[in-house]
Each structure stands twice: as C-alpha cells, then as structure tokens.
Amino acid sequence: HKKEKGTPVSKDGWREKTIDLGSLDIKYVNYLTRVKTKILRIWKYPPTAYQRNEEGDAVVKMAIDADGRLAGAALVSSSGYQELDDGALGVVQAAAPFDPLPDYYNLSRLNIIASFEYKIMD
C-alpha cells in the first residue's frame, strides 16, 4: 500500500485530488460510477459531427466542489473537431450538479479526468 507523498494544502486547508473517471480505486469507485452514469444518461453524438463522420477522443478535466457543484470544466486534449470537444464539455456542464463529495474524502474539490470517445459504429 503506497502512501501519496505530500498533500496539497494551502493556508486555509484547501485539499484537492485529481483522479481518472475510470479509476478502480475502491475509495472513489462508487462516486465515480455515479458521476459517469449521470453523464452517460445525457451524452449524445453531436448530429452534425456524426453526419460528417467525425471521430476522436475529447479529454475533459472537471472540478467538483465538496457540495457537488461543478467548479469548472476544461478541455485537456482535443478530439480534433470543435463539435466533439464542445459536446464533451457541454455534457459535463449539463450533468451538473453532482452528488456532494463523501465526507471521508476530506476534500475541498475533486478533479476528474474524463475521456469521451466518439466512435461511429457500423
């Protein structure tokens, strides 16, 4: 069991952690599953991108505050298509707010890296 060295704590006791949406870390997996379910329920392929056969992976970093509010969402890496990137950012914003962070996380904010794979199935 590897302990993380150094916790980012500022003067006011601010604590945040960054984790991948697909993480299987037992501490976070239930919360991440709820976030993922909420996003997948409303995520759609942008119609014009679909018609143009645009495919790619858009990677988004979302910041969820302790109360479940979305503090921000930013594109970490582009799919190569504006429409797909906007779709990924838009669905994260539309899915908010999320459940409050569990108390035992003891975090002010949880940053989640989510990859949106846009692939047209034949």
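The values are calculated or read from the model by the stated rules, or taken from the named source; none is laboratory data. The shown structure was predicted, so the numbers you read here are calculated from the model rather than taken from an experiment. Quick reminder, even Gly has a Cβ in these numbers, built from the backbone with ideal geometry, and neighbours come from all protein chains shown. These area figures cover heavy atoms from the full protein model, side chains too; ligands, DNA and RNA do not enter into them. Shrake-Rupley method; radii C 1.70, N 1.55, O 1.52, S 1.80 Å.
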Exercise. In nm, to one decimal, how far is the modelled label at Asp25 from the one at Lys61, with both set 7 Å along Cα→Cβ?
Worked result: 1.5
For this session: With a point put 7 Å past each Cα toward its Cβ, work out how far Lys44 is from Lys119 in nm, to one decimal.
Result: 2.3
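Can you tell me what share of the DSSP beta bridges in the chain is antiparallel? A percent to the nearest 5 is fine.
75
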Exercise. Trypsin sites (Lys or Arg not before Pro) within the range 20-122: which are DSSP loop residues with at most 15 other Cβ atoms inside 10 Å?
Worked result: Lys27, Lys44, Arg52, Arg69, Lys119
Exercise. Taking Cα centroids, how far is the range 80-122 from the range 15-37 in Å?
Worked result: 11
Problem set entry | Percent carbon-and-sulfur accessible area, the chain, ignoring ligands, DNA and RNA, probe 1.4 Å | 52
Exercise. Dipole magnitude of the chain about its Cα centre, charges +1 at Lys/Arg Cβ and -1 at Asp/Glu Cβ only, in debye to the nearest 20?
Worked result: 500
For this session: Treating cross-link reach as a plain straight distance, find the aspartates and glutamates whose alpha-carbon is under 20 Å from the alpha-carbon of Lys44, omitting any fewer than eight places away in the same chain.
Result: Glu54, Glu55, Asp57, Glu83, Asp85, Asp86, Glu117, Asp122
Exercise. In whole percent, what relative contact order does the chain give with Cα contacts below 8 Å and a gap of six or more residues?
Worked result: 35
Exercise. Most fluctuating residue of Ile39, Ile26, Ile112 in a GNM of the chain with Cα springs under 10 Å: which is it?
Worked result: Ile26
For this session: Name the most mobile residue of Asp67, Asp86, Asp103, meaning the one with the largest mean-square fluctuation, in a Gaussian network model of the chain with Cα contacts below 10 Å.
Result: Asp103
Seminar exercise, completed: Counting only backbone N atoms under 19 Å from a point 7 Å out along Cα-to-Cβ of Arg34, the residues of the range 85-110 in range are 92-110
Exercise. Taking +1 at the Cβ of each Lys and Arg and -1 at the Cβ of each Asp and Glu, which of Gln51, Ile26, Ala114 sits farthest along the dipole of the chain towards its positive end, judged by Cα position relative to the Cα centre?
Worked result: Ile26
Problem set entry | Binned Cα-Cα distances of the chain, short to long, each 5 Å bin given as a whole percent | 2, 11, 20, 22, 17, 12, 8, 5, 2, 1, 0
Problem set entry | For peptides 87-95, 15-23, sequence by mean Cβ density within 10 Å, most packed first | 87-95, 15-23
